[in-house]
Structure formats: structure tokens, C-alpha cells
């Protein structure tokens, strides 16, 4: 049986009878697993692992750059356009757009 104070508080807050509040608590109690989940781990001090990044095949990057060169919006759009818009325009994955940008910026140096 649930704590009578908890039942009274729930009934008052929900604007229902004490019996209804008790029935709700019993139904919720039936949903709770027998063993509670493990507590959350404490944060680790210091920097975490570097995020993994999926690199597209080099052929995809070159194909995207070639498509941008032949597109009316050109390489400027590929380099500086909104990532989602560029990816949608050229039907390319965002990782491919990022890799193409890095490649082009590396050539400019």
C-alpha cells in the first residue's frame, strides 16, 4: 500500500477522490520493474573521447566538387551555403559536404 500522505497529496493535486488516487498509484506501481534501474554513472573528469566521424569515400567528395563546379550556384555555395541546403541541393550526405569543404579549403592554402 502506498504512503497515505502521498495518496492524499496526489488526490488533492489531481482533484480526484482519495480512492481514485490510490488506484492510480497501484496501477503505476504495477508498471515499475521489480529491480530499479542502476543509478546513473558519475561524470568522468577531464575530456572525453574524441567524437567519431564517418568519412565518406574520396570518390563521393570529388563527385560533389565536380557537381558544384557545374552548378549555377557554384563552389561558393558548396563552401559557404547552409549545410542542409547544400546537402539537399546536391543530394549528398552532410559528412560528404563537410569533407568537400575541408578538401577545397586545404587546396586554397
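Here, each number is a calculation from the coordinates, and none is a lab measurement. As the structure is a prediction and not an experimental result, all values here were calculated from the model. Here the Cβ positions follow ideal geometry from the backbone for every residue, glycine too, while neighbour counts run over all protein chains shown.
Observations, loosely collected:
- The range 58-108: C-alpha gyration tensor shape, a/c 1.5 cut-off, then a/b vs b/c: rounded
- Sequence-distant contacts, meaning Cα pairs under 8 Å at least 6 residues apart, place the relative contact order of the range 58-108 at 39 percent.
- Stretched out straight at 0.36 nm per residue, the stretch from residue 66 to residue 32 would grow longer than its current Cα-Cα span by 6.5 nm.
- Each of residue 8 and residue 88 was given a label point 7 Å from its Cα along the Cα-to-Cβ line. The distance between the two points is 5.8 nm.
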